[in-house]
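Notes for the one structure printed next.
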Amino acid sequence: LFWDEQLSSDNTMACGTCHRPEHGGTDPRAHRNAGPDGEALTEDDGFGSPGTPIPRAGRGSILDEVLSGNRHVTARLAPSNLMAAYAPELFWDGRAPGAFRDPVSGAVRIAKGGALESQSVVPILNSAEMAHPGRTWDDVVKKLRGAKPLALASDLPADLRRALEARPSYPELFAAAFGANEITPERIAFAIASYQRTLIPDQTPYDRFVAGERDALTENQRRGFRYFRGLRCAECHSPPWFTDHSYRNIGVRPLSEDPGRAAVTGKSEDRGKFKVPSLRNVGIRPRFMHTGEFSALNSSLRVYRFPRRGNQIDPLLNHPIHANPQGNDQTPLMDFLRHALTDPRVVKGLPPFDRPKLQSERQQALAKSK
């Protein structure tokens, strides 16, 4: 299900379209969005993921043409789904809670630890991500009943190919997983979340180092780890997850642009706060911060040196962090972040990070070759 574009209304979007392991669990296709002012190419623009097509009546405007090739663009950058199994809530603002409720009945099915289930059902009916306006769960279930699993994908991993040879329909797959062939929104959530719980990038050089393999980190990377702790990065990006799962306002953008966590809690003190992301595999992500406005890891460090004052920023930034924003891969801190925290299985597409190729990827490659 996670890699099946048929889960979307128009057969162009899978969960994995926006969450690709080789890009650190994020989206390499980031497009500029118009930002809170609704105008293209202004200061408040951010970067998000292109999703469903904009209705035909809206085509032809500068916004459509400049921003996303006539597709909606999400308001925030797609966060990494790697290590998401450990998060008590999900999304940048934490609106996917640990208590998972059946999307149809509203009954609590998981009292705690179900953030992945809560998150997984949101994009499927979201008209900017995977759904046409007005899509219902009945529409989703009906489509899956008649769909050939992963019919649009290619280059399937061997274990996935064998599973589909044995059970070539979704009712058969649901029967094998749940004991009955009924497809329900709840079971869709359970299935997608169960897959994502396997995506734990815990075989990095750092992991080998703390397990006792002293040569797993170079001297430069060990120095970078000392800088990481000395610069107080670890107070929020705490090992071993390299996040403390908290919400912080680090002054990326003015409070007026995005309420962040406050939209969920209703608390004024949560304005501008966003989830602290894990730094595992940060070195292979194409963009940074919830706005996606930084395309280089070293440039994103400028936020910590020059946060926006008068912005309810986190007290930890009362004393700016003097990381070197010009540092390249060879500076100790950049070396540690880019290489010591990267799981080679993620980069190489090895299990559990192997995946099919999406139809949209093939189409994009074909278009580029012309």
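The values are calculated or read from the model by the stated rules, or taken from the named source; none is laboratory data. Fair warning: this is a prediction, and the values are worked out from it, not measured in the lab. A quick note on method: Cβ atoms are made from the backbone with ideal geometry, for glycine too, and the neighbour counts reach across all protein chains shown.
For residues in the range 261-297 being out of contact with any Leu (no Cβ under 9 Å at 6 or more places or on another chain), assigned to a loop (DSSP other than H, G, I, E, B) and of a type in the set (A, V, I, L, M), which is surrounded by the most Cβ atoms within 10 Å (Cβ to Cβ)?
V276
Any idea how many residues of the range 203-225 are surrounded by fewer than 13 Cβ atoms within 10 Å (Cβ to Cβ) and either more than 25 Å from A85 (Cβ to Cβ) or of a type outside the set (A, V, I, L, M) (or both)?
5
Step by step: first the residues of the range 21-57, then only those that are in a helix (DSSP H, G or I) and surrounded by fewer than 18 Cβ atoms within 10 Å (Cβ to Cβ), then the one that is farthest from the chain's Cα centre (by Cα). Which residue is that?
The initial filter retains those residues of the range 21-57 that are in a helix (DSSP H, G or I), namely 21-23, 56-57.
Right, trim to surrounded by fewer than 18 Cβ atoms within 10 Å (Cβ to Cβ) and you get 22, 56-57.
Numbers: E22: 12, R56: 28, A57: 30 Å.
Result: A57.
Which residue out of D139, D102 is of a type in the set (D, E) and either exposed (fewer than 13 other Cβ atoms within 10 Å of the Cβ) or farther than 30 Å from T265 by Cβ (or both)? Spell out the reasoning first.
Details: D102 fails: either exposed (fewer than 13 other Cβ atoms within 10 Å of the Cβ) or farther than 30 Å from T265 by Cβ (or both).
Result of the check over D139, D102: D139.
Applying the selection to the range 241-257, what residues are at pLDDT 95 or above and of a type in the set (S, T, Y)?
The answer is T243, S246, Y247.
Just give me the residues in the range 164-186 being assigned to a helix (DSSP H, G or I) and either crowded, with 16+ Cβ neighbours inside 10 Å or in contact with a Leu (Cβ under 7 Å, 6 or more places away or on another chain) (or both), in sequence order. Reasoning before the result, please.
The initial filter retains those residues of the range 164-186 that are assigned to a helix (DSSP H, G or I), namely 164-166, 170-178, 185-186.
Of everything in the range 164-186, those that are assigned to a helix (DSSP H, G or I) and either crowded, with 16+ Cβ neighbours inside 10 Å or in contact with a Leu (Cβ under 7 Å, 6 or more places away or on another chain) (or both) turn out to be L164, Y170, L173, F174, P185, E186.
For the range 198-243, enumerate the residues that are touching a Ser or Thr at 6+ places or on another chain (Cβ under 9 Å) and either under 20 Å from P79 (Cβ atoms) or of a type in the set (D, E, K, R) (or both).
Result: P201, T204, C236, H237, W241, F242, T243.
Select from the range 352-370 the residues that are over 19 Å from the mean Cα position of the chain (by Cα) and surrounded by 11 or more Cβ atoms within 10 Å (Cβ to Cβ) and list them in ascending order.
As a first pass, look at the range 352-370 and keep what is over 19 Å from the mean Cα position of the chain (by Cα): 359, 362-370.
Once the filter is applied, which keeps residues that are over 19 Å from the mean Cα position of the chain (by Cα) and surrounded by 11 or more Cβ atoms within 10 Å (Cβ to Cβ), the range 352-370 yields Q359, R362, Q363, Q364.
Please pick out the residue among L152, L144 that is part of a loop (DSSP other than H, G, I, E, B) and either surrounded by fewer than 21 Cβ atoms within 10 Å (Cβ to Cβ) or assigned by TED's automatic domain parsing to the domain that holds Q363 (or both).
L152 is the lone residue from the list that is part of a loop (DSSP other than H, G, I, E, B) and either surrounded by fewer than 21 Cβ atoms within 10 Å (Cβ to Cβ) or assigned by TED's automatic domain parsing to the domain that holds Q363 (or both).
Has the range 258-277 got at least one residue that is polar (S, T, N, Q), modelled with pLDDT of 95 or more and either on the phi > 0 side of the Ramachandran plot or touching a Gly at 6+ places or on another chain (Cβ under 9 Å) (or both)? Outline the logic, then answer.
Here is the first cut: in the range 258-277, the ones polar (S, T, N, Q) are 265, 268.
Then drop every residue that is not modelled with pLDDT of 95 or more, which leaves 265, 268.
Cutting the leftovers down to either on the phi > 0 side of the Ramachandran plot or touching a Gly at 6+ places or on another chain (Cβ under 9 Å) (or both) gives us 265.
Yes, there is a match, as at least one residue in the range 258-277 is polar (S, T, N, Q), modelled with pLDDT of 95 or more and either on the phi > 0 side of the Ramachandran plot or touching a Gly at 6+ places or on another chain (Cβ under 9 Å) (or both).
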